[in-house]
Every structure is written in structure tokens, then in C-alpha cells.
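Each value in this text was obtained by applying a stated rule to the coordinates, not by laboratory testing. These numbers were taken from a predicted model, which means no experiment stands behind them. Virtual Cβ from ideal backbone geometry, glycine too; neighbours counted across all protein chains shown.
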Amino acid sequence: MARPRGFEPDDALAAIKDVFWRRGFDATSLHDIEQATGLKKQSLYRLYGDKRGMYLKALEHYAAHEAAEAMALLETGGTARARFARFFGHVVDTAVAGDRRGCFFCNASIDQAPSDESAREAVMHGMEEVRSSFEVALGAADGEAAPADIRQKASGLLAAYLGLRVMVRAGFDAAALRAGVEDALAGI
């Protein structure tokens, strides 16, 4: 069957990512992916490989889009505390607005990383990129800190961030999320 008119591979991949992000690998069927993309199984396989290949491409798409856009919030000026307040505030605001998917890296770390080496590598790479962005933001805001101190603080903030995203996914209310953010910011 021919692809639908106006088909864009990136749009299809974004739809695939959204299904996996919301439902996880095992709970997502090929039928779900066909419904989300408007493409037939043969076209999906030709473009992205099997279901596992689609999942890995979805993680790459998440890293290139959602994670990169979130990290851009850290690049604007201000103190380290201001940068991270803006970053964490965006996470809470998104959850309060109804997006409870959490972090796709977090979800995949529980869903597939323990049993699939490629998924584990993708998740670890994504989380390392987040931590690296945290280091850059901390270093830019505090040029006096030693690299080891910055790396340690970035690791602590990564743990706080991932925990916050898990809390979002679990359904914690805005007050609990904001309290978690305040605690994380107190360490900066």
C-alpha cells in the first residue's frame, strides 16, 4: 500500500515515540503504531525496522527533540539556581497542564534497559547527555567551582530530576512536585 499523501518520516517517528512513551514497549502493539502513524506494517518495517528498531529510533527522537529542548532551558543566563529553577519549573508546569508521561529515558530504563542491551545503551547515553548539560549549566553559572564538585552536583541534580519525572508519571500532585523541586534547588 502506498504511503499517505503528505507523509513525513519525522512525524511518523514522533507518533511512534509518543505511543511507546505513554504505553511502554510491551503494552504497545504494531496495531497501536499503525493507528498512531496512519502507516501500514510493511511501510513501518521498511522505514524503521522491526518493533525493537522502532523503539530505539523513538528513544533517539526523544533525545534529539524533547531532551534537547529541555536542556536549552538551562542555557539562558542567570545563576545556577535560577537556571535549574526554570528547568525544574518547566517539568512541574508540564505535569500540571496534564502531561504525565514522565521522562522517556526513565520509563525505558525500567521498561526495557534491564533486558535489552541496545535500549540500556540508549538510555545511559541519554542520561549522560542530561548530566553533561547540567555540568555545563553549573560551570557557566559558577566559574569558580572545581570540575569534580560540578560533576558531583550535576549527578545529584540528575537524580533529583529523574526522581521528579518518576513522581510526575506516578501522579503526584503539584504541591509534592514543587516541594521536591525546592529541595533539589536548596542544594545549589
Relative contact order [Cα under 8 Å, 6+ residues apart], the chain, whole percent
22
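Where nothing but the Cβ of Lys and Arg (+1) and of Asp and Glu (-1) is charged, how large is the charge dipole of the stretch 1-122 around its Cα centre, in debye to the nearest 20?
Numbers: 17 positive and 18 negative charges, 35 e Å.
Computed about the Cα centre, the dipole is about 160 debye.
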Taking Cα atoms, how many degrees apart are the long axis of helix 117-141 and the longest axis of the chain, rounded to 10 and kept between 0 and 90?
30
Among rounded, prolate and oblate, which fits the stretch 105-159 when a ≥ b ≥ c are the square roots of the eigenvalues of its C-alpha gyration tensor, a/c under 1.5 means rounded, and a/b larger than b/c means prolate?
prolate
If the only charges are +1 at each Lys and Arg Cβ and -1 at each Asp and Glu Cβ, what is the size of the charge dipole of the stretch 36-188 around the Cα centre, to the nearest 20 debye?
600
Under 29 Å between alpha carbons - lysine pairs in the chain that sit 8 or more apart or on different chains
8
Under a Gaussian network model of the chain whose springs join Cα atoms within less than 10 Å, the largest fluctuation of ALA63, ALA95, ALA72 belongs to ALA72
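What number in nm² do you get for the chain if you take the convex hull of its Cα atoms and divide its surface by four? Can you show the working numbers first?
Numbers: hull surface 45.9 nm².
Average of the hull's projected areas for the chain equals 11.5 nm².
Rounded to the nearest 500 deg cm²/dmol, what is the calculated helix-only ellipticity per residue at 222 nm for the chain, with -39500 (n - 2.57) per DSSP H run of length n ≥ 4? If you can, show how the numbers build up before the last one.
Working: 10 runs with 135 residues, N = 188.
The per-residue figure over the chain is -23000 deg cm²/dmol.
For GLY156, what is the net charge nearby, where nearby means another residue's Cβ is under 12 Å from its Cβ and Lys, Arg count +1, Asp, Glu -1? Before the final figure, lay out the partial values.
Numbers: positive: ARG131, ARG151, LYS153; negative: GLU135, ASP149, ASP183.
Neighbourhood net charge equals 0.
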Scoring only Lys, Arg, Asp and Glu (+1, +1, -1, -1) among other residues with Cβ under 15 Å from the Cβ of ARG86 yields -1
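What does the charge count around LEU56 come to, taking other residues whose C-beta lies under 13 Å from its C-beta (Lys +1, Arg +1, Asp -1, Glu -1)? Can you show the working numbers first?
Details: positive: LYS17, LYS51, ARG52, LYS57, ARG120; negative: ASP50, GLU60, ASP111, ASP116, GLU117, GLU121.
With Lys, Arg at +1 and Asp, Glu at -1, the net is -1.
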